[in-house]
Amino acid sequence: MQIYNGINGLRTSLNNDRSHKRRISLVPTMGNLHDGHLALIERAKETSDVVVCSIFVNALQFNLNKDWEQYPRTFDKDCEKLRVAGCDYLFHPNEIEMYANGLDTQTKVLCPYLTDVLCGASRPGHFEGVTTVVSKLFNIVQPDEAVFGVKDYQQLIVIKRLVDDLCFPVNIISAPIHRESDGLAMSSRNWHITDDERPKVIILKQSLDWIVERIQSGNLDFFELENEATARIKKQGFDVDYITCCNSENLDSAANDDKKITVLGAMYTKKARLIDNVSITF
């Protein structure tokens with residue numbers, strides 16, 4: 001695996017790959033890699049010749065500077081995991097390389113509406129940072145495809161809209177949620193979960209599954225289902241950001257005639273904000 005800190009060096013290697021008709025995929029990350037990230041690498045390898053993984057803790061997508069400062073940097077461990085996984089290039093720029101003119105004057109990419117709801121409502125500016133850095137990575141790497149996890153479902157929908165609206169020639173591949181043995185969605189933020197919270201946090205996934213089961217049995221009173229699931233989570237001592245049934249394509253509130261519905265949830269532990277989702281197709 002070759003490691004690049006600069007844009008020019010990475011572009012030179014990728015231009016050589018393109019001259020040999022090699023298919024290039026991109027897996028963007030912020031590091032602190034777990035098995036879910038490595039599953040994205042594996043998925044990328046299935047349909048490409050060259051896999052590029054980026055590790056960049058993007059300050060633009062953090063609402064609080066202290067959260068950015070406290071985000072785990074585990075670069076050496078990440079490198080070893082990526083080597084074992086078969087990653088070809090690791091792009092690891094610093095902030096100056098990515099935002100040479102400074103964060104305050106950086107040109108930003110906006111994706112209205114989709115970024116104003118759900119996680120966007122409680123994390124203003126977050127998706128603006130995501131769409132900006134992903135746009136830059138698409139321009140730097142110019143991949144044939146990019147792999148994103150379904151766990152960050154709203155982000156996945158936003159990125160698909162970004163690609164459509166700005167005509168990026170990138171195929172977006174969605175990879176399934178990677179879960180712990182009890183069903184907890186793997187996340188770089190799970191290390192914030194305390195020992196006493198750990199057996200209880202599965203209530204988020206269980207509550208989403210419960211809603212799906214009710215929908216499958218014919219209950220389409222989405223508001224009632226959302227409220228009941230919220231109560232179940234609160235009973236375990238967690239605060240709820242949202243539990244919402246949405247149209248899977250555009251994140252509108254679910255309607256009775258939708259062909260696919262995604263049930264999304266976000267809740268707070270003492271130190272972590274956990275998200276998850278489950279989809280149902282009719």
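Couple of notes before you dig in:
- Viscosity 0.890 mPa s, 25 °C: Kirkwood-radius Stokes-Einstein D of the range 190-277 over Cα pairs, µm²/s: 184 µm²/s
- The long axis of helix 7-19 is offset from the longest Cα principal axis of the chain by roughly 90 degrees.
- By the equivalent-ellipsoid construction on the alpha carbon gyration tensor, the range 9-87 comes out with semi-axes of 26, 15, 11 Å, ordered largest to smallest.
- Counting only residues at least eight positions apart within a chain, or on another chain, the aspartates and glutamates with an alpha carbon under 12 Å from that of residue 259 are 249.
- Residue 201 long-range amide H proximity, modeled H, under 5 Å: none
- Label corresponding to Cα Rg over 2.2 N^0.38 Å when calculated from the structure given, among [x] 1.14; [y] 1.02; [z] 0.97: [y]
- Each peptide in 147-155, 267-275 gets a packing score, the mean of other Cβ atoms within 10 Å over its residues, and the list from highest to lowest is 147-155, 267-275.
- A cut-off under 10 angstrom between Cβ atoms defines the neighbours of residue 58, and their net charge, with Lys, Arg +1 and Asp, Glu -1, is 0.
- For a modelled paramagnetic label at residue 160, 7 Å from Cα along Cα-to-Cβ, the residues of the range 208-251 in reach, with backbone nitrogen under 14 Å, are 246-251.
- Shown in residue order for the range 35-40 are the 3J(HN,Hα) couplings computed by the Karplus curve 6.51 cos²θ - 1.76 cosθ + 1.60 at θ = phi - 60°: 4, x, 5, 5, 5, 5 Hz (x for Gly and Pro).
- Ranked by the mean number of other Cβ atoms within 10 Å of their residues, highest first, the peptides 220-228, 20-28 fall in the order 20-28, 220-228.
- Pairwise FRET efficiency - residue 110 versus residue 2, Cβ, R0 = 22 Å, nearest 0.05: 0.05
- Pairs from the list 66/136; 21/45; 21/77; 234/271 with a Cα-Cα gap above 21 Å: 66/136; 21/77.
- Other residues lying with their Cβ under 12 Å from the Cβ of residue 25 contribute a combined charge of -3, Lys and Arg counting +1, Asp and Glu -1.
- Remark: the residue 281-residue 74 segment gains 70.7 nm on full extension, using 0.36 nm per residue and subtracting the alpha carbon distance.
- Cβ-based net charge around residue 86, under 13 Å, with every Lys or Arg adding one and every Asp or Glu removing one: -1
- Applied to the range 171-179, the Karplus parametrisation 6.51 cos²θ - 1.76 cosθ + 1.60 on θ = phi - 60° returns per-residue 3J(HN,Hα) values of 7, 8, 9, 9, 10, x, 5, 9, 10 Hz, with x for Gly and Pro.
- Gain on full extension, evaluated as 0.36 nm per residue between residue 97 and residue 235 minus their Cα-Cα distance, stands at 45.0 nm.
- The range 146-244: C-alpha gyration tensor shape, a/c 1.5 cut-off, then a/b vs b/c: oblate
- Under the criterion of Cα pairs below 8 Å and six or more residues apart, the relative contact order for the range 2-175 equals 28 percent.
- Modelled spin labels at residue 66 and residue 182, positioned 7 Å past Cα toward Cβ, are 2.8 nm from each other.
- Percent antiparallel among DSSP beta bridges (both partners in the chain, rounded to 5): 50 percent
Any read-out appearing in this document is the output of simple, stated calculations on the displayed coordinates, not a laboratory observation. Note that the structure is a prediction, hence the values are computed from the model and not measured. Quick reminder, even Gly has a Cβ in these numbers, built from the backbone with ideal geometry, and neighbours come from all protein chains shown.
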